[in-house]
Every structure is written in C-alpha cells, then in structure tokens.
Amino acid sequence: MAEEVRKLAEQAGQSAGRIGGLIKEIQAETGRAVRSMQEGTDEVARGIEVINHTGASFATIKNSVEHLAGLIRDLEGLSAEMAAAGASAREDMTHIASLTEETAAGAQQVTAASEEQAASVEQIVLAVQGLSRMVEDLIRQAGRFRV
C-alpha cells in the first residue's frame, strides 16, 4: 500500500511538473502574441500617420492647383487686353501663351502626382485594413490562452 502511495505521489509530482511546464509554455506563447499585437498596433499607427501626412499633401496640392487655375484665368484676361493693344502686345501675348502652356504642363504633372499619391493611399489603406484584421485575429487567438 505504501508503495502505491509513493508511486501515486511520484506520478502526481511528475504531472505537476508537466503542468508547470505547460503553463510556462502558454505564458511564453501569450507573451509572444501580445508582442505581435503591439507590433501590429504600432504598424497601424504608422499607417495612419502616413495617411494623415498624405491627406495634408493632397490639401496642399489642391490649393496649388486652385492657385494655378486662378493664375491661368488671370493670364487669359491679360491676353485679351494685350491682343487689343497692337503689334507689340502680340509679342507679349506669345510669351504669355508659352507661360500658360508651361503652367498647364505643370498642372498636368501635379495632377499625375496626385493620382500616384491617391494610388499609394489606397495601397496604404488596404495594408492598414490587413493589419487590422491581423490584430483582430491575434486578439481572438490570445483570448484562447487565458488561464
């Protein structure tokens, strides 16, 4: 009988050791999951910061394009006045037309850059959404490890 009690005590001790090891493994895995979630959260925060910066850039570009449009309208008015002024005004008008074309080309370049930035923002948004889903999955998975 004492031998059986001793064997049971040994088995209980071994089981307790295995349980303790399992608890340590679960705690370590939970720690890794928490760190992964924090990294995901940090990545999302960086993505949001990039999106905010891009939004500010779009606002600046929009203001510049509006300003350029106003300048172009002004140049059109000046061109009409110069055409009425005579031959010397025609030379000035040719110069202004050249500037207008350059300004329009600049506006087209700004528009192309805006479209590229819009595509980048869309990619960032998709990446942020993916990271968000990953964080949610990690949170659900971490919920399974509660002791």
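The values are calculated or read from the model by the stated rules, or taken from the named source; none is laboratory data. Remember, predicted model here, so these are calculated numbers, not experimental data. Cβ: placed from backbone, ideal geometry, glycine included. Neighbour counts: every protein chain shown.
Name every residue in region 35-61 that is among the basic types (Lys, Arg) and within 17 Å of residue 120 (Cα to Cα), in order of residue number. If you could, list the steps in order and put the result at the bottom.
Quick first cut of region 35-61, residues among the basic types (Lys, Arg) only: 35, 46.
Within region 35-61, just 46 meets the criteria.
Screening 5, 65, 50 for residues that are among the hydrophobic types (A, V, I, L, M, F, W, C), in a helix (DSSP H, G or I) and surrounded by fewer than 10 Cβ atoms within 10 Å (Cβ to Cβ) leaves exactly one candidate, 5. Taking residue 98 and the conditions (1) out of contact with any Gly (no Cβ under 9 Å at 6 or more places or on another chain); (2) under 30 Å from residue 40 (Cα atoms), which numbered condition does it fall short on, given that it satisfies the others? Among (1) out of contact with any Gly (no Cβ under 9 Å at 6 or more places or on another chain); (2) under 30 Å from residue 40 (Cα atoms), the lone unmet condition for residue 98 is (2). In region 15-35, which residues are among the polar types (S, T, N, Q) and modelled with pLDDT of 85 or more? Once the filter is applied, which keeps residues that are among the polar types (S, T, N, Q) and modelled with pLDDT of 85 or more, region 15-35 yields 27, 30. Taking the stated definitions as given, is residue 88 exposed (fewer than 12 other Cβ atoms within 10 Å of the Cβ), at pLDDT below 85 and assigned to a helix (DSSP H, G or I)? So residue 88 passes the test.
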